[in-house]
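The values are calculated or read from the model by the stated rules, or taken from the named source; none is laboratory data. All values derive from a computational prediction rather than experimental measurement. Here the Cβ positions follow ideal geometry from the backbone for every residue, glycine too, while neighbour counts run over all protein chains shown.
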Amino acid sequence: MDIAVIGSNNVDLISYITRMPSEGETIEAPDFQLGCGGKGANQAVAASKLGSEVLMVTRVGNDLFADNTIANFKEHGIDDQYILKTDATSGVAPIFVDQQSRNSIIIVKGANALLSPEDLENAREDIAKCKLIVLQLEINLETVYAAIEMGKELGIPVLLNPAPAAPELSLERVKSVDFIVPNETELSLISGMPVDTLEDISNAAAVLLDAGIKNVIVTLGARGVLWVTASGEKLIEGIAVDAKDTTGAGDAFIGCFSHFWVSSGDIAESLRLANYYAGDSVTRQGTQKSYATGEDFRERFG
Ligand code: ADP
């Protein structure tokens with residue numbers, strides 16, 4: 001096993017709209033798609049499409065979405081022994097994407113909220129075989145903290161994507177992670193600092209470094225990525241693309257970074273490739289569907 005993704009899965013209900021509805025208004029969407037999503041699942045699928053062996057620890061509900069989600073994990077070759085059936089609804093995410101590719105997303109956590117520290121204990125033996133633990137915040141925070149502790153105990157590096165932005169996240173309890181990968185909004189919330197300029201972003205990242213986190217990797221949308229460590233910072237500029245749908249770009253980035261970092265240990269090169277991979281994904285509609293396979297990615301970017 002290469003990567004343990006401990007996190008969420010959702011069914012994305014994506015409406016493509018001409019403009020955002022205002023309060024109390026009903027509008028017609030010209031197009032609709034149902035897709036498998038959830039930050040954990042997206043990141044697992046991106047890494048797996050690139051060739052990593054991924055162990056997914058997650059909870060699905062007992063409804064019609066669960067079988068579809070399990071089938072999707074299997075189709076992508078993701079280890080399914082810890083995809084746990086739960087007496088609850090599955091996680092669902094109604095998503096609106098407008099013609100300027102702006103999106104609004106509602107998350108119904110459902111079974112995701114029930115993934116527990118005990119579930120991780122049950123999977124400990126297999127998590128211990130992985131080279132990286134990847135976490136996001138669409139599950140219970142206590143489970144996230146337990147996974148970070150488990151990583152420390154097992155000597156496995158941990159990557160935390162602190163998304164979606166969670167005001168109640170304790171920096172103190174996540175300070176041992178090796179990589180934190182926030183977008184600007186999430187960085188501002190965790191650091192309590194403004195992020196209006198690149199200098200602001202560096203200063204905000206410094207708060208996380210001071211807490212003890214080794215690598216702060218801030219995704220900046222079309223502008224690319226800023227990697228900040230105690231010894232300096234590096235801006236990796238976004239690639240110029242015709243963006244159609246940026247939903248799931250951050251997850252593509254994390255799945256790809258995890259894949260290449262696990263196979264090479266080279267952070268700079270893995271960031272460069274992940275920036276290309278995520279940039280490429282926004283040129284196509286959908287989340288997991290928009291992620292290139294290893295073969296397609298090599299063909300496009302050499
Ligand atoms: P999130 O989706 O989590 O908010 P970002 O919007 O920061 O994350 O996007 C993640 C990464 O995807 C960026 O760091 C960049 O590499 C790539 N990306 C996103 N939007 C674009 C775009 N319009 N053009 C090129 N690359 C993009």
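The residue list SER8, SER15 contains one member that is under 16 Å from the mean Cα position of the chain (by Cα), under 23 Å from ASN112 (Cα atoms), surrounded by 15 or more Cβ atoms within 10 Å (Cβ to Cβ) and hydroxyl-bearing (Ser, Thr, Tyr), which is SER8. When region 180-202 is filtered for residues that are in contact with a helix residue (DSSP H, G or I) (Cβ under 8 Å, 6 or more places away or on another chain) and free of Cβ contacts under 8 Å to residues at least 40 places away in the same chain, the ones remaining, listed by number, are ILE180, PRO182, GLU184, LEU187, SER188, ILE190, SER191, GLY192, MET193, PRO194, VAL195, ILE201.
For region 198-218, taking the residues that are under 30 Å from PHE301 (Cβ atoms) and surrounded by fewer than 20 Cβ atoms within 10 Å (Cβ to Cβ), the one that is nearest to the chain's Cα centre (by Cα) is identified as LYS214. Does ALA211 fit the bill of being away from the ligand (no atom under 12 Å from the Cβ) and either of a type in the set (A, V, I, L, M) or in contact with a Phe, Trp or Tyr (Cβ under 7 Å, 6 or more places away or on another chain) (or both)? It is true that ALA211 is away from the ligand (no atom under 12 Å from the Cβ) and either of a type in the set (A, V, I, L, M) or in contact with a Phe, Trp or Tyr (Cβ under 7 Å, 6 or more places away or on another chain) (or both).
Of the residues examined, ARG59 is one that is touching a residue at least 40 places away in the same chain (Cβ under 8 Å) and under 27 Å from LYS129 (Cα atoms). Screening THR69 against (1) under 30 Å from GLU28 (Cα atoms); (2) hydroxyl-bearing (Ser, Thr, Tyr); (3) assigned to a loop (DSSP other than H, G, I, E, B); (4) under 19 Å from the mean Cα position of the chain (by Cα) leaves a single unmet condition, (3). Taking region 1-46 as the range and being among the β-branched types (Val, Ile, Thr) and in contact with a Ser or Thr (Cβ under 7 Å, 6 or more places away or on another chain) as the test, the residues that pass are ILE3, VAL11.
Considering (1) more than 8 Å from the ligand (Cβ to nearest atom); (2) modelled with pLDDT of 95 or more; (3) of a type in the set (A, V, I, L, M, F, W, C), the lone condition that PHE301 does not fulfil carries the number (2).
Of all residues in region 258-271, count the ones that are under 18 Å from ARG300 (Cα atoms) and more than 10 Å from the ligand (Cβ to nearest atom). Qualifying residue count for the region: 4. Of all residue pairs spaced 6 or more apart or on separate chains, those with beta-carbon atoms under 6 Å, a first member in region 227-242 that is crowded, with 16+ Cβ neighbours inside 10 Å and a second member that is modelled with pLDDT of 95 or more and in a strand (DSSP E or B) are TRP227/ILE217; TRP227/LYS234; VAL228/VAL216; LEU235/LEU226; ILE236/GLY224; ILE236/VAL225; GLY238/GLY224.
Within region 219-256, the residues that satisfy the criterion of being at pLDDT 95 or above, within 13 Å of the chain's Cα centre (by Cα) and within 10 Å of the ligand (Cβ to nearest atom) are THR219, ALA249, GLY250, ASP251, ALA252, PHE253, ILE254, CYS256. Among the residues of region 160-178, the ones that are out of contact with any Gly (no Cβ under 8 Å at 6 or more places or on another chain), among the charged types (D, E, K, R) and assigned to a loop (DSSP other than H, G, I, E, B) come to 2 in all. Do we have ASP63 as modelled with pLDDT under 95 and touching a Lys or Arg at 6+ places or on another chain (Cβ under 9 Å) here? Here the answer is no, as ASP63 does not meet what is asked. When the criteria are applied in full, LEU115 meets the requirement of being buried (at least 20 other Cβ atoms within 10 Å of the Cβ), closer than 19 Å to MET1 by Cβ, at pLDDT 95 or above and in contact with a Lys or Arg (Cβ under 9 Å, 6 or more places away or on another chain).
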